[in-house]
Amino acid sequence: MKTILATVSAIGLLAAAPAYANDVSSTVNIGATVSPACGLGNHINNGNTTAGYTQGDIALGEVASAATDGKLVIDNSQTQNRSFGNVWCNGAATVTIKLEALALNDNRSLPAPGDSSSFANKFDIAISGFLGGNAFGNGGGTLALSSADGTNGVLEHDINTAEAFETGSGKYSSFNLTVLNPANKRPVVGSYTGHVTLTASIS
């Protein structure tokens, strides 16, 4: 009985002894997650500079009067280099640019005026610009869109980015706006509203 007890005690001592070797390693793992996100802010000042790129709405003011023979006249100084701001997403995303024609009472479904050969209550808009450059996957070239190519004065254009992007300076989120009036019609009296909207979404 004494022999058995001594043997068991020796085994216990061996199991409790620490292990020794020439090299040992212990790892502490670090885990983190990043949720899908997109954001919009002010331009980044860099080599492309933000000067000359204007964020905010376009106020055209009076665009037709007796002084213009009732014809549509747009001040182009208000429509150049208008910017969405600095747009970013932290992964591949869908960027949608939506154009809505300049329309009386912001209503693009109104029937045309009775004298539609001379008057109009809706005018298509067109934009052109770098609009993301390489970030949006259009090779850094210009992107040109027109609401006339949509339905009832509304065009939606989708761009699927391959990876995370940031437009950064004003250059890559800006556009020049043109109000189209190929038949040189007079606008009927009232308030007109149009929209250019950029939406970036990631899932």
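Readers should treat all values here as calculations from the given coordinates under stated rules, not as data from a laboratory. This one's a predicted model, so the numbers in the text were calculated from it and none came from an experiment.
Full extension of the segment from Gln78 to Asn107, taken as 0.36 nm per residue of separation minus the current Cα-Cα distance, would add 8.2 nm. Could you pull out every one of the aspartates and glutamates with an alpha carbon less than 13 Å from that of Lys98, ignoring same-chain neighbours closer than 8 positions? Excluding near neighbours in sequence, the set is Asp124, Asp149, Glu156, Asp158. With 10 Å bins beginning at zero, the pair-distance distribution over Cα atoms of the range 142-203 amounts to 13, 43, 29, 12, 3 %. Both radii were evaluated on the Cα set of the range 36-201; the Rg over Rh quotient, with Rh as the Kirkwood radius, amounts to 1.02.
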